[in-house]
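The values are calculated or read from the model by the stated rules, or taken from the named source; none is laboratory data. This is a predicted model, so every value here is computed, not measured. Quick reminder, even Gly has a Cβ in these numbers, built from the backbone with ideal geometry, and neighbours come from all protein chains shown.
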Ligand code: FES
């Protein structure tokens, strides 16, 4: 039973030319959408490094949304094709980590599709609410506890790993 009070945190990476402009249009047009999304503007969806996604999840996001220009409309020619390949790879990776792949979503939204931003954000918020919190930062602590590592040991081993790579 989904917790209706749960407010999922969504990190959205939007391309400047299409989806960010559409989100802006949604605002100007006063389309109401869930306030659960925090938008990061990038010049192209192809700029979304897989590390950005993993980082968002590891820092507490319950879902990540990537928005870019429709195929054929990318202002950098093939940026969104790269995004599509990375997205497919990331979904497999998430599945392998035991994370529901619906937590990562990719949508092509043109600058004129303000209402689509509203629909997608609302849909994703409801879907994440049904899935419940991901709570990855808490899960890391749990894994450390299960592995018998204290916080100090975990910090010590991280520092040693960093020193080894310096
Ligand atoms: S410029 Fe929008 S996806 Fe590349």
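List of remarks:
- Close pairs (6 angstrom Cβ cut-off, 6 or more residues apart or separate chains): in contact (Cβ under 8 Å) with a residue 12 or more places away in the chain in the stretch 41-55, assigned to a loop (DSSP other than H, G, I, E, B) and within 11 Å of the ligand (Cβ to nearest atom) anywhere: 41/16; 43/16; 44/76
- Selection count, the stretch 21-49, where residues are more than 16 Å from the ligand (Cβ to nearest atom) and outside any loop (DSSP other than H, G, I, E, B): 5
- All positions within the stretch 100-123 that are more than 17 Å from the chain's Cα centre (by Cα) and more than 15 Å from residue 31 (Cα to Cα): 110
- Considering each residue of the stretch 139-151 in turn, at least one proves to be under 22 Å from residue 10 (Cβ atoms) and either touching a residue at least 60 places away in the same chain (Cβ under 8 Å) or not assigned by TED's automatic domain parsing to the domain that holds residue 30 (or both).
- Residue selected from the stretch 1-20 under the condition within 16 Å of the ligand (Cβ to nearest atom) and surrounded by fewer than 21 Cβ atoms within 10 Å (Cβ to Cβ), by the criterion farthest from residue 137 (Cα to Cα): 17
- One residue stands out among those in the stretch 52-87 that are assigned to a helix (DSSP H, G or I) and more than 16 Å from the ligand (Cβ to nearest atom): the one that is surrounded by the most Cβ atoms within 10 Å (Cβ to Cβ), which is 56.
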